Amino acid sequence: MDHVTELLLYNAARVQHIKEVIAPSLARGEIVITDRFSDSTLAYQGYGRGIDRQVIDALDAVSTGCMRPDLTVLLDVDVETGLRRNKEMNKNDRLELEDIAFHQGYGGASMRSRLRSQNGFASFPAPTASKRFTGPYVIPLSRS
């Protein structure tokens, strides 16, 4: 699949997810926890695929209406361990099946520094067990 096509498809899915799930939940005053929002697109399609940051940011602004999370949580794991876990889980996601160079590209210092520059960023080492993450962390949250 062409990299720009992939970018457009992920953003189209994000628009729908916001309209059907996130926006109505926020309107009801609920707390929303979601996986792989805009920062993931920058990581995978920007740093991993090499798509220009301005293109990603412009499309993201349209797709999300400039919606940003109050808190971004990064569960950090080294590339080799992450790829081994994916294999153990028989994960067949097109991005997760990329080679080690792809994953090293998006996991670099530039991505982490961009995330850390945002308000509401927390990074934790991923659980050491190779089972699915089930939440051994308690993250204090407030509505302020």
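Rule-based calculations on the coordinates, nothing more; no lab input. If you're wondering where the values come from, they're calculated on a predicted model, not measured in any experiment. Quick reminder, even Gly has a Cβ in these numbers, built from the backbone with ideal geometry, and neighbours come from all protein chains shown.
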Can you sort Thr81, Thr41 from fewest to most other Cβ atoms within 10 Å of each residue's own Cβ? Thr81, Thr41
Can you figure out the FRET efficiency of Leu26 with Phe124, using R₀ = 30 Å and their beta-carbon distance, to the nearest 0.05? 0.75
Full-extension gain between Glu96 and Arg68, please, as 0.36 nm times their residue separation minus the C-alpha to C-alpha distance. 7.6 nm
